[in-house]
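Taken together, the values in this text are just the output of simple stated rules run on the coordinates, not laboratory data. All values derive from a computational prediction rather than experimental measurement. All Cβ positions, glycine included, derive from the backbone under ideal geometry; neighbour counts span all protein chains shown.
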């Protein structure tokens, strides 16, 4: 095993406050109720469109939903790096994994323009492949984006592990045929992650690295 595919929001980057501020900017613009950080935390994980469906009164049935959604896309793309930053220890972890020869990638349901901007701003020295929500590739938990980054990296599914922070990531790994490691510092509570059968849960970057290395060693022993 030589490849690690990471979710972005809630796994590598703490994006919650920028997402909340962007959602609430649109809520104010359209005269709708603002949302708390905990509400936004419960809304994320299935892509930006569903985030907005959960945020807008009446969701997609609201006659102004499409207008609000387009306004959110434009606003968030311009304001996605105000408060966003990597979780503690992430840059060190990526540097160590990269230095040890692991190929690293990002798969996200965030709109692709923001994914590419954030990758270049924070992870350009470590991560070469990243796929966000874009035309022609189904969003997670479909495996399309995982297979796309594997193709770009020249890796095979049996050489990779998937790291995320939610039930969506768990299903993505399952649909892709990859082992899954979930992190407890993201957008879901540890108790929720523990209910997902077969997923390992990491509480720190050091523990995450140990689980990745252990998975690689286990795969190597299996293949010899």
So what's the angle, to the nearest 10 degrees on a 0 to 90 scale, between helix 90-99 and the longest Cα principal axis of the chain? 40
Return 126, 76, 162 ranked ascending by Cβ neighbour count within 10 Å, so the fewest neighbours appear first. 126, 76, 162
Based solely on its DSSP helices, what 222 nm [θ] is calculated for the chain when runs of n ≥ 4 H residues each add -39,500 (n - 2.57) and the sum is averaged over all residues, nearest 500 deg cm²/dmol? -14000 deg cm²/dmol
Modelled label-to-label distance, residue 206 and residue 34, 7 Å Cα→beta-carbon offset: nm? 3.9
Which distance in Å, rounded to a whole number, links the C-alpha centroids of region 126-151 and region 172-196? 18
Neighbour-count ranking [beta-carbon atoms within 10 angstrom, fewest first] of 153, 118: 153, 118
As an exercise, find the ratio Rg/Rh for region 21-140 from alpha-carbon atoms, using the Kirkwood inverse-distance average for Rh. 1.02
One would report the antiparallel percent of DSSP beta bridges in the chain, rounded to the nearest 5, as 15
Rounded to the nearest 5, what % of DSSP beta bridges with both residues in region 81-203 are antiparallel? 10
Exposure-ranked with fewest Cβ neighbours within 10 Å first, 21, 189 stand as 189, 21
Given the peptides 84-94, 174-184, 195-205, 28-38, arrange them by the average over their residues of other C-beta atoms within 10 Å, most packed first. 174-184, 84-94, 195-205, 28-38
Relative to the longest principal Cα axis of the chain, at what angle does helix 205-223 sit, 0 to 90 degrees, rounded to 10? 50
Normalised by the residues of the chain, what does the relative contact order come to in percent, with Cα pairs under 8 Å and at least six apart? 25
Folded to 0 to 90 degrees: helix 16-30 orientation relative to the chain principal axis, Cα: 20
